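K.L.:
First the structure, then my questions, so here it is.
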Amino acid sequence: MKSDLSSYDERQSNASTGASSTSQNRITGTEPNPQAPQPPKQDYGRAGRNLPAAIAVGLVLGGAVLASLVFIPELFLIVALVGVMAATWELSNALSRSGSKVARVPTMISAGTMILAAYFLGREALWVAFSLGCGFILIYNQIRRHRLNPVKDVCLSIFALTYVGLMGSFIAYMLSFPMGNMLVITFLAMVVASDTGGYTFGVLWGKHPIAPSISPKKSWEGFAGSALFSTVVGICMVVLAFGAPWWAGLVLGVVIPAFATLGDFSESMIKRDLGLKDMGTLLPGHGGVMDRLDSILPTAPVALALFHFLPGLLL
């Protein structure tokens, strides 16, 4: 009799569990199907991305940047300001995946202030704005005392401010010089040529990865293409736009691709550590704004230094 009652209770329990599960499925509108096929990932071949979308977005962005620099250089300042603040937001969101809370709003405000200070007031004002921005972040995190990792929060926030805000401010400072628009055009043209050459040679002939644990698709053949394309553009720009010696373009063509590639590796390392493919989704075929600035930002202070030391560029 006891065993019969136990069997009855067990049947009732199983029936109750099944009814509860069925009710939950009705509420959520889903049916459990562990063997349901997953939608296949879109294969873009060796290109690794939606190439038509990437080309279209690149042409639109490149045309807007070039037009602003040629016709209304001050308008480029607005483009740079929007781009830096968007990239700061993306990087802050990405770094927050590590378990910390990056101070997004103070970091974005500080980055934008640094851009304006560098262009209108010069490099001394830039460093003052950077110092004040770091202080702003410290005070903001002091107010948020409920955070569990305030030191890590502050460090990652200042890292985002330095990586995007400070590096981007060197471009704004570059724009403030006589013929600054041509300096920026030369710099951006060489970085774009480096990316294009690296991508073309890497897709066609890339066989020997530079650092497969960080970015397996970047190859030595691709770097050769970066150096070749960048050197050609560099020589043409310094000779035609500035009347400078051709070898100045050769120096730029060798150094800029090296730092642009390091910038690519730096962002790839961050994304790999955080488990991300792209920093954002704002730019179809490219990812986020930060994914387009990865090679530009670390190269900006190097290019500015070279423009100072190479003859015929800073008049």
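K.L.:
If you bin every alpha carbon distance in the range 246-315 into 5 Å steps from zero, what whole percent lands in each bin?
P.N.:
With 5 Å bins starting at 0, P(r) equals 3, 16, 21, 19, 14, 11, 9, 6, 1, 0.
K.L.:
Full extension from L132 to V60: what is 0.36 nm times the residue separation minus their Cα-Cα distance, to one decimal in nm?
P.N.:
Values: separation 72, 0.36 × 72 = 25.92 nm, distance 3.55 nm.
Residue separation times 0.36 nm, minus the Cα-Cα distance, leaves 22.4 nm.
K.L.:
Please report the projected area of the range 52-127's Cα convex hull averaged over all directions, in nm².
P.N.:
6.6 nm²
K.L.:
At 7 Å along Cα-to-Cβ for each site, give me the label-to-label distance between L121 and A53 in nm.
P.N.:
Result for the modelled spin labels: 4.1 nm.
K.L.:
Let me know the shape class of the range 122-170, please: from the alpha-carbon gyration tensor, a ≥ b ≥ c as square roots of the eigenvalues, rounded when a/c is under 1.5, otherwise prolate if a/b is greater than b/c, or oblate.
P.N.:
Details: a/c = 4.44, a/b = 2.02, b/c = 2.20.
Since a/c reaches 1.5 but b/c is at least a/b, the shape of the range 122-170 is classed as oblate.
K.L.:
Distance check, please: which entries in K101/K217; K152/K277; K217/K277 exceed 25 angstrom between their Cα atoms? Could you put the intermediate results ahead of the total?
P.N.:
On the way: K101/K217 31 Å; K152/K277 23 Å; K217/K277 13 Å.
Over 25 Å apart, Cα to Cα: K101/K217.
K.L.:
What number, in percent, do you get for the relative contact order of the range 150-246 if the mean sequence gap of Cα pairs under 8 Å and at least 6 apart is divided by its residue count? Walk me through the intermediate numbers first.
P.N.:
Values: 98 pairs, mean separation 22.1, N = 97.
23 percent.
K.L.:
Then there is this: Kirkwood hydrodynamic radius, the range 165-211, all distinct C-alpha pairs: what's the number in Å?
P.N.:
Details: mean 1/r = 0.0795 Å⁻¹.
Final number for the Kirkwood radius of the range 165-211 is 12.6 Å.
K.L.:
If you bin the C-alpha pair distances of the range 209-296 every 5 Å from 0, what whole percents do you get?
P.N.:
Reading the bins upward from 0: 3, 14, 19, 19, 17, 12, 9, 5, 2, 0.
K.L.:
On to the next question. Describe numerically, in nm with one decimal, the distance between label points set 7 Å from Cα along Cα→Cβ at S213 and at T281.
P.N.:
Using points 7 Å along Cα→Cβ, the separation is 3.2 nm.
K.L.:
Restricting the calculation to Cα positions, tell me the Rg (one decimal) and the Dmax (whole number) of the range 137-227 in Å.
P.N.:
Answer for the range 137-227, Rg first and Dmax second: 19.6, 54 Å.
K.L.:
Under 5 Å between amide H atoms, partner at least 5 residues away or on a different chain: which partners does S219 have, H built in plane at 1.01 Å?
P.N.:
I210
K.L.:
Please report, in debye to the nearest 20, how large the charge dipole of the range 127-240 is about its Cα centre when each Lys and Arg carries +1 at its beta carbon and each Asp and Glu carries -1 there.
P.N.:
The calculated dipole for the range 127-240 is roughly 460 debye.
K.L.:
Would you check the accessible area of K277, probe 1.4 Å, heavy atoms only, in square angstrom rounded to 10?
P.N.:
150 Å²
K.L.:
Give me log10 I(q)/I(0) at q = 0.08, 0.10, 0.13, 0.21 Å⁻¹ for the range 136-288, Debye formula, one equal scatterer per alpha-carbon, no solvent.
P.N.:
-0.32, -0.49, -0.76, -1.31
K.L.:
Using 0.36 nm times the number of residues separating F309 and V251, minus their current alpha carbon distance, what extension gain do you get? Show your work: numbers first, answer last.
P.N.:
Details: separation 58, 0.36 × 58 = 20.88 nm, distance 1.10 nm.
Full-extension gain reported as 19.8 nm.
K.L.:
Kirkwood Rh, Cα Rg: Rg to Rh for the range 107-150?
P.N.:
Values: Rg = 12.5 Å, Rh = 11.1 Å.
Ratio value, two decimals: 1.13.
K.L.:
Label-point separation (nm) for W220 and L204, each offset 7 Å from Cα along Cα-to-Cβ?
P.N.:
According to this spin-label approximation, the distance is 2.0 nm.
K.L.:
Could you work out how far the C-alpha centroid of the range 166-191 sits from that of the range 80-120, in angstrom?
P.N.:
20 Å
K.L.:
Given a 1.4 Å probe and every protein chain left where it sits, what share in percent of the accessible area of the range 192-292 is carbon and sulfur?
P.N.:
Values: 3590 of 4950 Å².
C and S atoms contribute 72 percent here.
The values are calculated or read from the model by the stated rules, or taken from the named source; none is laboratory data. Model, not experiment: these values are computed from the prediction. Heads up, the Cβs are rebuilt from the backbone with ideal geometry, glycines too, and the neighbour counts pull from every protein chain shown. Just the protein is used for accessible areas: all its heavy atoms, side chains included, with ligands, DNA and RNA removed. Shrake-Rupley method; radii C 1.70, N 1.55, O 1.52, S 1.80 Å.
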